[in-house]
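Report on the structure given below.
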Amino acid sequence: PKVAIVALTLLSGMVQGSGFDEEEWSVRCWNSEAKRWENRALEVMTLREHEGVTEVTNSSGVHRHAHLVFPADLSGDFTFTIELRGGYELGFLNREGKDEMLYLELGEGNDFETFTLSRKGSRISIERNGRVVPLVHFRFDYGEDFLITLAIKDGEAAAIRSYTFHPRG
């Protein structure tokens, strides 16, 4: 039963989904007056489910892009794996809303790719289909708290087929 699966997931500390669970994600949009990425309701994105895939369209109209964020506690070692098609940038965004990111540019493609974001000790990395990729460092402070982010350009979409989060420690 679904209740048992949820209980086991919570006990193990692992979060996994096929597609998209609205309760595990949130949105950050740019506030040009405050010069910060601020929480917004998930409703600024348009979600559409189709055959186990969730298409997330940035319909916020707030800025050039918005961040779909997975706000889990990333203070220790972790592994986050996502099957993804589309999007603009994938990586880490400062939790306090500062304009600081560590990410990779996704590019355009029609195929799903598997990305693994992880930290082991002081090493933070992202793998694309099993290969470690170079990351763009935009004023990112490794000593500050951050969250996982998928940036999506205004009016564009990304598709999520599955994801898992596993804290280690």
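The values are calculated or read from the model by the stated rules, or taken from the named source; none is laboratory data. As the structure is a prediction and not an experimental result, all values here were calculated from the model. Note that we place each Cβ from the backbone using ideal geometry, even for glycine, and neighbour counts take in every protein chain shown. Please note that ligands, DNA and RNA were not included when accessible areas were found on the heavy atoms of the full protein model with its side chains. Shrake-Rupley method; radii C 1.70, N 1.55, O 1.52, S 1.80 Å.
Straight distance only, please: which aspartates and glutamates reach the Cα of residue 120 with their own Cα at less than 18 Å, same-chain residues fewer than 8 apart left out?
Leaving aside aspartates and glutamates fewer than 8 places away in the same chain, those within reach of residue 120 are 73, 77, 141, 144, 145.
Under unit Cβ charges (Lys, Arg +1; Asp, Glu -1), what dipole magnitude, rounded to 20 debye, does the range 24-75 have relative to its Cα centre? Walk me through the intermediate numbers first.
Working: 6 positive and 8 negative charges, 73 e Å.
About 360 debye.
Ignoring everything except DSSP H segments at least 4 long, calculate the 222 nm mean residue ellipticity for the chain; use -39,500 (n - 2.57) per segment, divide by total residues, nearest 500.
My calculation for the chain gives -2000 deg cm²/dmol from helical runs alone.
Once ligands and nucleic acids are excluded and a 1.4 Å probe is used, how much of residue 124 is accessible, expressed in Å² to the nearest 10?
Spelled out: residue 124, probe radius 1.4 Å, area about 30 Å².
Skip the ligands, DNA and RNA, and give the accessible area per residue of the range 29-81 with a 1.4 Å probe, whole Å².
Numbers: 2820 Å² over 53 residues.
For the range 29-81, the solvent-accessible area averages 53 Å² per residue.
For the chain, modelled as a Gaussian network with Cα springs under 10 Å, which listed residue fluctuates most, 26, 60, 122?
Of the options given, 122 has the highest mean-square fluctuation.
For the pair residue 138 and residue 50, how long in nm is the line joining their label points, each one 7 Å along Cα→Cβ?
For the pair residue 138/residue 50, the computed spacing is 2.8 nm.
Of 59, 118, 32, which has the largest mean-square fluctuation in a 10 Å C-alpha GNM of the chain?
Judging by the Gaussian network model, the answer is 32.
Which percent of the accessible area of the chain is formed by carbon and sulfur heavy atoms (probe 1.4 angstrom)? Write out the running numbers ahead of the final one.
On the way: 4410 of 9180 Å².
Summing carbon and sulfur atoms, their accessible area is 48 percent of the total for the chain.
Using only the Cα atoms of the chain, build the gyration tensor, take square roots of its eigenvalues as a ≥ b ≥ c, and label the shape rounded, prolate or oblate: rounded if a/c is under 1.5, else prolate if a/b is larger than b/c, else oblate.
The shape class here is rounded.
On a full-extension model of 0.36 nm per residue, what is the gain between residue 125 and residue 154, subtracting their alpha-carbon distance, rounded to one decimal in nm? Mind showing how you got there, number by number?
Numbers: separation 29, 0.36 × 29 = 10.44 nm, distance 2.67 nm.
Answer, rounded to one decimal: 7.8 nm.
Just read off the accessible area of residue 137 with the full protein assembly in place, 1.4 Å probe, to the nearest 10 Å².
Residue 137 has an accessible surface of roughly 100 Å² with all protein chains in place.
What dipole magnitude, in Debye to the nearest 20, does the chain give about its Cα centre under +1 on Lys/Arg Cβ and -1 on Asp/Glu Cβ?
Working: 19 positive and 27 negative charges, 83 e Å.
Computed about the Cα centre, the dipole is about 400 debye.
Picking from 34, 151, 66, which is most flexible by a Gaussian network model of the chain using Cα springs under 10 Å?
So, out of 34, 151, 66, the one fluctuating most is 34.
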